[in-house]
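The values are calculated or read from the model by the stated rules, or taken from the named source; none is laboratory data. This is a predicted model, so every value here is computed, not measured. Using ideal geometry, Cβ is built from the backbone for each residue, glycine included, and neighbour counts are taken over all protein chains shown. Please note that ligands, DNA and RNA were not included when accessible areas were found on the heavy atoms of the full protein model with its side chains. Shrake-Rupley method; radii C 1.70, N 1.55, O 1.52, S 1.80 Å.
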Amino acid sequence: MERLRQAGIDFSVGTLNFLANIGLMLPYILMLLKYQETQSETYLIALVAFYISRAASIFYTKRLNLRSSTYLIVSLVLGALGSFIFALTNAVGWLVVGSLLWGYSAATIWPYFLTLKLHLSQSSEFKMKRLYWLIFLGLGVMLAIDLAAGWSYTLTFSVLALLYLGALPGGILLDNFTNDFYQNRPTHPHGLQQGWRWALSLIGFAAIALLTTLRKAALNLPNGLVLAIIGVALVILAIELYGDRHVLPNYKIRLLNRGFLMSLVLLFSGFFAYFYFGHAGMYVVFALYLVGFETGYPLFNKLGRGSTKRALRLSQGSLLAGHVLLLIPWRWSYVVGILLITLYVGYDNPTINATLYGAPEIDHDMAIVHKYRFSTYGGLLCQLVMFGLLVAVSAGAHLSILSFFKPSDASHFWLYTLTMSWPLTLASLGISLGNILHEPKG
């Protein structure tokens, strides 16, 4: 009986570990597959609602001053509810509700899970069970059955909901294990103090919702109006950053740089790679990202031969060289450039986690949330600049915006290279240089 109980705990914690690692992308991928299957406006609305909820939630969480362990449990419950809604109905109102719930879960499950892992690393030797491949295999089997039976992802959504519920005991266990961390800990209130900023941010995310829709469907909006909306969103972003000028002043550029790089690689390059590799382009970029993200840290540590400073300089050299290679209009220099940039991201990610969490001036329970909040700022900045360039070039060349996101051939390679790829790459290079120059000299 004890062995069975332990197996159940291991499965629950392993499932929690799995969901935390894939929770940001898997719901979006399943919803995108559902939309591509149906081409229904209902699922397009749900997809946009999910995308915006995922982007916005990292800004609105932590307002109730609860423990990160409590927020993790909330993320699991909301993820289960969102999954069940998609399994049970196709009513647009309910799907929007499900998207909002699932979007919050997708945005917050990893930051809070990572926060608890860091808490536990300070107070216990608790180990997480890794069941990634087993659960991936189970989901793959469910997806295959779904498609073969023509159930339209209903089974997959249901199984995913059950996985969220199955991870709840693991979340509760982590809550119990972190009690020692929270005892005698000073309270750090994080509640809303400036209501006007919420109102502004809602306008900003409404603009992001419009731009997200333009990636999926043709809207008959004047280009001047779209550019004006992008301009308003950029002003709101600047106001938000100014409002947070006293938060993480020593790390803000580094986090903004991280977010800009992620959007440059996964969003812009994911589409632009079509002009180098055709329909396989997005898969090439994603594969390069996975390789760089997973191997960057061990690679630069090994090359640094025990010197953290040398490893950092090598990673920064990789970042700068990657940008230069992206400016060369040749497919293989582009591939190497993407890889070098993602190797830097892979090295920077665990080091910034440790740096922020270990900084005495930062609330440990908020450090990782701050990280993803400012990283999201950087990602949104990249998206707004990208869309501004795209709308301008589309108007000048008399092309639809969807000609970039859904191209039929690579005839506009030089147009998008000169007007989008080079300006975005140079902007990213400028932010990266600012980050390197801003680094404390040690």
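What the table below lists for this structure:
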quantity	calculated
Residue within the range 86-100 that is in contact (Cβ under 8 Å) with a residue 60 or more places away in the chain, within 30 Å of C382 (Cα to Cα) and either open to solvent by less than 60 Å² (accessible area, probe 1.4 Å) or within 22 Å of the chain's Cα centre (by Cα) (or both) present	yes
Filtered residue count, the range 22-44, keeping only those that are within 16 Å of G93 (Cα to Cα) and among the β-branched types (V, I, T)	1
Matching residues, the range 256-275, being open to solvent by less than 40 Å² (accessible area, probe 1.4 Å) and without any contact (Cβ under 8 Å) to a residue 60 or more places away in the chain	G270
For A218: the one exception among (1) among the small types (G, A, S); (2) in a helix (DSSP H, G or I); (3) open to solvent by 60 Å² or more (accessible area, probe 1.4 Å)	(2)
Single residue of the range 24-75 satisfying the filter (under 20 Å from A167 (Cα atoms) and of a type in the set (S, T, N, Q)) that is surrounded by the most Cβ atoms within 10 Å (Cβ to Cβ)	S75
Selected residue [out of contact with any Cys (no Cβ under 8 Å at 6 or more places or on another chain), part of a helix (DSSP H, G or I) and not aromatic (F, W, Y)] from L44, L24	L44
Of the criteria (1) outside any helix (DSSP H, G or I); (2) without any contact (Cβ under 8 Å) to a residue 60 or more places away in the chain, which one V247 fails	(2)
Those residues of the range 296-311 which are free of Cβ contacts under 8 Å to residues at least 60 places away in the same chain and assigned to a helix (DSSP H, G or I), in sequence order	G296, Y297, P298, L299, F300, N301, K302, L303, T308, R310, A311
Selected residue (only one of L314, L288 is more than 20 Å from P423 (Cβ to Cβ), open to solvent by less than 40 Å² (accessible area, probe 1.4 Å) and assigned to a helix (DSSP H, G or I))	L288
